[in-house]
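Data block below; observations after.
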Amino acid sequence: MKHLLLPLLALLAAPALAQTPAAPAPDYRDPAAWLCRPGANDPCSGDASASIVAADAVVKLDMQPAAKDPPIDCFYVYPTVSTDPTPNSDMIADPAEKNVALFQAAPFRQACRVYAPLYRQVTLASLRDRMLGKPVTADITMGYRDVAAAFADYMQHDNKGRGVILIGHSQGSGVLKALLQLNIEGKPVASKVIAAYLAGHNLLVPAGKDVGGDLKVMPLCRSATQTGCVLSWVSFRDTMAVPAASLFGRPPAAAPAGMAAACTNPAALAGGRVAVNALMVNRVGIVDNGAPPPKWAKGRNIYTPFVGLPGLLTAECMNRDNANILSVGINADPADPRTDTINGDVVVGGQVQEVWGLHLIDMNVVMGDLVTLAKSQGAAWLRQPAK
């Protein structure tokens with residue numbers, strides 16, 4: 001079960017975080033405290049090339065080169081992947097943390113300078129203990145405190161008035177939600193936040209509304225030129241029910257009445273079903289769930305880290321089984337040579353765990369759309385009067 005990615009920060013309320021005594025933070029002036037920084041030889045500067053596989057199995061190479069002198073920044077917080085045996089991770093990047101930065105953050109270098117702090121997250125070992133009913137001794141607010149310190153360091157020393165997009169997945173999204181609640185909303189720094197992309201985590205809003213709930217000021221993004229807004233989504237297959245026991249798409253029992261989980265489709269912010277520009281991972285995914293990637297096309301061996309499958313996948317924000325989810329469909333054609341399946345399910349003992357949906361690919365199923373959106377929102381922010 002080491003691969004499971006629980007959005008642990010969803011269990012925390014902002015007031016509880018605010019009341020937690022501060023612990024000594026890592027020294028984020030030390031480059032070793034960062035998983036990714038501009039100009040460093042790190043996972044975010046690694047090979048992010050993609051093989052674009054058309055329906056007829058013709059393959060084109062997209063190197064996804066970094067932008068030259070990008071005018072905006074991205075601040076990325078990775079999900080629960082640490083393989084450290086301790087309740088909270090250390091500040092030394094293990095292979096899983098490096099891999100997830102490549103698969104979730106490296107493509108954004110086409111739009112922005114990428115910053116990604118290491119942080120002492122709640123580990124997979126602690127998650128496993130929690131799922132087995134064992135006592136959990138992890139400090140579940142330490143990760144937030146570390147990321148808050150990293151963001152403050154970035155703003156003081158590196159930002160220099162630039163716009164920044166906050167990007168997270170799962171536990172990383174929960175940390176960033178707390179950062180928005182406690183350190184950004186209602187403060188001058190909010191004017192520098194172009195948008196926040198909070199994947200694989202429940203963000204609560206009043207049912208039918210775009211603002212309120214978890215965030216009091218930032219609305220949901222509804223256009224590619226809107227700024228100061230937030231995206232949130234959790235992914236499920238079209239063919240998969242959202243089980244009553246699922247953690248995703250519904251407010252917790254303790255939530256105030258009238259709340260709903262937000263869903264924004266990065267490929268269609270105004271709504272509706274559209275083809276998505278997925279960048280699937282062509283090796284072990286963000287964590288090893290024991291399932292190899294599919295054979296992308298008959299007679300084609302793909303060696304790039306990413307695979308694009310134009311026209312194969314569609315997605316739409318929908319309410320299904322009383323849950324607001326990003327419903328992902330596959331336009332499978334058994335007669336053509338391209339794959340009719342995708343990976344991304346959580347698998348335990350050979351069994352798909354339907355409560356998790358497509359949690360492992362929440363970001364990759366819309367990665368190309370997110371990069372395009374980052375460019376568009378960044379350009380819109382730059383056109384605004386000086387802040």
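Structural remarks
- Flag if residue 151 is touching a residue at least 60 places away in the same chain (Cβ under 8 Å), closer than 19 Å to residue 31 by Cβ, part of a helix (DSSP H, G or I) and under 18 Å from the mean Cα position of the chain (by Cα): yes
- Condition met for residue 217 (at pLDDT 95 or above and surrounded by 22 or more Cβ atoms within 10 Å (Cβ to Cβ)): no
- Single match in 101, 33 (criterion: touching a residue at least 12 places away in the same chain (Cβ under 8 Å), within 22 Å of the chain's Cα centre (by Cα) and surrounded by 22 or more Cβ atoms within 10 Å (Cβ to Cβ)): 101
- When residue 207 is tested against the conditions (1) under 17 Å from the mean Cα position of the chain (by Cα); (2) free of Cβ contacts under 8 Å to residues at least 60 places away in the same chain, the lone failure is (1).
- Test: residue in region 291-313 that is in contact (Cβ under 8 Å) with a residue 12 or more places away in the chain, hydrophobic (A, V, I, L, M, F, W, C) and closer than 21 Å to residue 173 by Cβ: no
- For region 347-387, the candidate set comprises residues that are out of contact with any Gly (no Cβ under 7 Å at 6 or more places or on another chain) and of a type in the set (D, E, K, R); within that set, the residue that is surrounded by the most Cβ atoms within 10 Å (Cβ to Cβ) is 369.
- Given (1) within 22 Å of residue 95 (Cα to Cα); (2) buried (at least 21 other Cβ atoms within 10 Å of the Cβ), number of the condition residue 343 does not satisfy: (2)
- Which listed residue is more than 28 Å from residue 310 (Cβ to Cβ) and either under 19 Å from the mean Cα position of the chain (by Cα) or loosely packed, with under 15 Cβ neighbours inside 10 Å (or both), from 69, 84, 47: 69
- Top-ranked residue in region 131-147 [being within 30 Å of residue 218 (Cα to Cα) and surrounded by fewer than 21 Cβ atoms within 10 Å (Cβ to Cβ); ranked as nearest to the chain's Cα centre (by Cα)]: 142
For (1) modelled with pLDDT under 50; (2) in contact with a helix residue (DSSP H, G or I) (Cβ under 6 Å, 6 or more places away or on another chain), each residue gets a yes or a no:
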position: 1; (1), (2): yes, yes
position: 6; (1), (2): yes, yes
position: 17; (1), (2): yes, yes
position: 22; (1), (2): no, no
position: 25; (1), (2): no, yes
position: 40; (1), (2): no, no
position: 48; (1), (2): no, yes
position: 60; (1), (2): no, no
position: 69; (1), (2): no, no
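- Selected residue [in a helix (DSSP H, G or I) and within 19 Å of the chain's Cα centre (by Cα)] from 128, 109: 109
- Residue count, region 243-299 (criterion: at pLDDT 95 or above, out of contact with any strand residue (DSSP E or B) (no Cβ under 8 Å at 6 or more places or on another chain) and within 30 Å of residue 335 (Cβ to Cβ)): 0
- Taken together, 324, 282, 319 contain a single residue that is surrounded by fewer than 18 Cβ atoms within 10 Å (Cβ to Cβ), closer than 26 Å to residue 172 by Cα and not aliphatic (A, V, I, L, M), which is 319.
The values are calculated or read from the model by the stated rules, or taken from the named source; none is laboratory data. Note that this is a predicted model, so its numbers are computed, not measured. Glycine also receives a Cβ, built like all others from the backbone with ideal geometry; neighbour counts cover every protein chain displayed.
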